[in-house]
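Q: I have a structure here, written as structure tokens, and I will follow up with some questions on it.
The values are calculated or read from the model by the stated rules, or taken from the named source; none is laboratory data. None of the values given here were measured: they were computed from a predicted structure. With ideal geometry, Cβ positions are generated from the backbone for all residues, glycine too; neighbour counts draw on all protein chains shown. SASA here: full protein model, heavy atoms, side chains in, ligands and nucleic acids out. Shrake-Rupley method; radii C 1.70, N 1.55, O 1.52, S 1.80 Å.
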Amino acid sequence: SCCGGWLMSQAKLEARGAWGPLAPLSNFVSRIALRLVALAIVDAFALWLLYLLLRDGVWPLAVALIAVTLIVNIINLTDRLYPLRWMSPALAIIILMVLYPLLFTVYTAFTNYSDGHLLTKAQTIRRLAQERYLPEGGVTYKWTAFRSAEGEIALWLVDAEGKTYFAHPNEPLEEAAAGEGIFGPPDANGVPESIEGYQRLQLRDVLPILDSQLAQLEFGEPPLTVKIKTIQEAAQLQQRYVYDAEQDAILDQATGTWYYADEQNGYFTSAEGRSLNPGYQVVIGWRNFDRLLSSPALRGPFLLVFGWTIAFAFFSVLTTFSLGLLLALVFNDPILPARKLFRTLLILPYAIPGVIGILIWRGMLNQHLGVITTNMVKLIGWAPGWFTDPWWSKVGVLLVNLWLGYPYMMLVCSGALQAIPSDIYEAAEVDGASGWQRFWHITLPLLLVSVGPLLIASFTFNFNNFTVIYAYNEGLPPIPGTPTPAGYTDILISYTFRLAFQSGRGADYGYAAAITIVIFLVVASLTLFQYRFMGRWEEVSENV
């Protein structure tokens, strides 16, 4: 056994010595092969998805998919880009989930994408091609469904003259008679009670699959194929709309009318001005922006809404920062007992989901049952109209937003206060500075240097804080005499939501995207204007 073990160990050493120089090469080849197989799988999936997108005319997403696929292939096939290989999945996700939606929003602003224009042109043509009609001379049938052991559905058809047929999907109708061959004796309606190899379906079996399965089947030969119309009736239906690519038009075979593509409005329209529904997406240029600037609905309450938007964002930042800073200063004092406990309790609103907090405040401010409102009535005999009075509704929104926002400001200010050197306060105290002077000339300027960018970010967030406005009171109470519904507590984003989606014309995504771009430009301009003052704060901090 010892000799055998020695021989086996020698064999292993010789094999290791013989194959040792080739091991790095084999590992390299295996890594290359694994990488190529992974890329082949990714490319195959991308090509399949690209085919579907191009077939449906979804050009923006197809272009984004091509760009992402090329980037992933170039990164993984170029040695100089080796550090980016592990980042390529993240880059692909960023492009598809972040960059593409932004670019698609800009693209949508220049289209008629809306209810009635949700599909691309190719999808609309296919959708219209599914329409069927009963032509002159078309035959209607009573039908009964049978299912074979393999799951195939077949129909027993009876026409108005009493002729009977046994029909298989996508096969010619064949005349049949109950009581002959594989067909069992007829019942009172002339339908075989049984068919050899088939099970007769009862009404309880037919209803669950009527729309999802049976209505999709076609029996007989084109152009007059038999399709199920109702729970009792089937008919020889013909394709109603036929697309002619040369004329870029659709023929209505029921009326003989031609509908030509209108690339300005996204419809197939006849010479008489009638249009087929649904329409399709087209690029309409600056029409959404022109509509935005010239719309009477926007010119009406726009100034009121825009002014309140600025005031809401400003006072939200001012109140939350003031309360957060006050609490941070109070609990920054080391002589205060149980500071950690109080800080934890004060942070609780930040841990509760915002929508839940808003709904709780709605309940407490309720006109008839709210604990705050009812106790105010008991104590002073009066309570404001938190949801009905224009001014008090705005106060209520700011109060709720204060509750939601002060914990964040308290945390930020607590961290910033720790970064201020204590020797500055000691020097100021030696120079005889009062507590207010130390706060106004030392604490606040140094604090704003650190917290200033966060205050600007908070202003930008509250400028578009749709959640608190809509969850609190849906922007109400309404402003009287406006062409479209608008509320006193509506900010710009909630007001545009009304214009785009609640104006009685359905969802208008192109118009909403145009308004979104305008809001972005306004917010960006205000943010840049605010950043100009940050230089002053830094100058003040340098002189402290």
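Q: What do you reckon, how do Phe342, Phe219, Phe387 stack up by accessible area (1.4 Å probe), largest on top?
A: The residues order as Phe342, Phe387, Phe219, largest area first.
Q: Give me the 1.4 Å probe accessible area per residue for the chain, excluding ligands and nucleic acids, in Å².
A: Heavy-atom accessible area per residue stands at 58 Å².
Q: Label Glu175 and Arg274 with points 7 Å out from Cα along Cα→Cβ: what is the distance between them in nm?
A: 3.9 nm
Q: Report the extension gain between Trp48 and Arg127 in nm, rounded to one decimal, defined as 0.36 nm multiplied by the number of residues separating them, less their alpha carbon distance. Provide the component values of the computation, followed by the final result.
A: Details: separation 79, 0.36 × 79 = 28.44 nm, distance 2.17 nm.
Answer, rounded to one decimal: 26.3 nm.
Q: Next up: Any chance you could get the radius of gyration and Dmax over the Cα atoms of region 119-233, in Å?
A: According to the Cα coordinates of region 119-233, Rg and Dmax are 15.3, 52 Å.
Q: Related question: Percent relative contact order of region 55-181, based on C-alpha pairs within less than 8 angstrom and at least six residues apart?
A: Working: 92 pairs, mean separation 19.3, N = 127.
Result for region 55-181 is 15 percent.
Q: State the label only: which of (i) 27.8; (ii) 53.2; (iii) 37.5 corresponds to mean projected area of the Cα convex hull in nm² computed from the shown model?
A: (ii)
Q: When only C-alpha pairs under 8 Å and at least 6 residues apart count, what is the relative contact order of the chain, in percent?
A: Values: 688 pairs, mean separation 74.0, N = 544.
About 14 percent, as a whole number.
Q: Then there is this: Under a 1.4 angstrom probe, counting protein chains only, how are Ser316, Ser294 ranked by accessible area, largest first? Working shown, then result.
A: On the way: Ser316 5, Ser294 60 Å².
Most to least solvent-accessible, the answer reads Ser294, Ser316.
Q: Under unit Cβ charges (Lys, Arg +1; Asp, Glu -1), what dipole magnitude, rounded to 20 debye, does the chain have relative to its Cα centre?
A: Taking the Cα centre of the chain as origin, the dipole is about 2000 debye.
Q: On the accessible surface of region 72-203, probed at 1.4 Å, how many percent belong to carbon and sulfur atoms?
A: The C+S portion of the solvent-accessible surface of region 72-203 is 58 percent.
Q: Once the whole set of protein chains is in place, how much accessible area is left on Asp244, using a 1.4 Å probe, in Å² to the nearest 10?
A: In the full protein context, Asp244 sits at about 40 Å².
Q: How big is the charge dipole of region 117-196 about its Cα centre, in debye rounded to the nearest 20, if each Lys and Arg gets +1 on its Cβ and each Asp and Glu gets -1 on its Cβ?
A: Working: 7 positive and 13 negative charges, 150 e Å.
In total the dipole reaches around 720 debye.
Q: If the only charges are +1 at each Lys and Arg Cβ and -1 at each Asp and Glu Cβ, what is the size of the charge dipole of region 332-425 around the Cα centre, to the nearest 20 debye?
A: Dipole magnitude for region 332-425 comes out near 220 debye.
Q: With contacts defined as alpha carbon pairs under 8 Å and 6 or more residues apart, what's the relative contact order of region 207-305 in percent?
A: Rounded, it is 11 percent for region 207-305.
Q: Here's another thing I want to ask about it. What is the distance, in nm, between label points placed 7 Å from the Cα along the Cα-to-Cβ direction at Gln264 and at Asp56?
A: Taking the two extended label points, one gets 3.0 nm.
Q: Among the lysines, select those whose C-alpha is under 21 Å from the C-alpha of Lys142, and discard any that sit fewer than 8 residues away in the same chain.
A: Lys163, Lys227, Lys229
Q: To one decimal place, what orientation-averaged projected area in nm² is obtained for the convex hull of the Cα set of region 280-330? Intermediate values should be presented prior to the final figure.
A: Values: hull surface 24.7 nm².
Quarter of the Cα hull surface area: 6.2 nm².
Q: While we're on this one: Quick check: net charge around Gly181, other residues with Cβ under 12 Å of its Cβ, Lys/Arg +1 and Asp/Glu -1?
A: That works out to -4.
Q: Run the helix sum for the chain: -39,500 (n - 2.57) per DSSP H stretch of 4+ residues, divided by residue count, reported at 222 nm to the nearest 500 deg cm²/dmol.
A: Mean residue ellipticity, 222 nm, calculated: -17000 deg cm²/dmol.
Q: So, one more: Out of Ala235, Ile519, Phe459, whose Cα points farthest toward the positive end of the dipole of the chain (charges: +1 Lys, Arg; -1 Asp, Glu; placed on Cβ)?
A: Phe459
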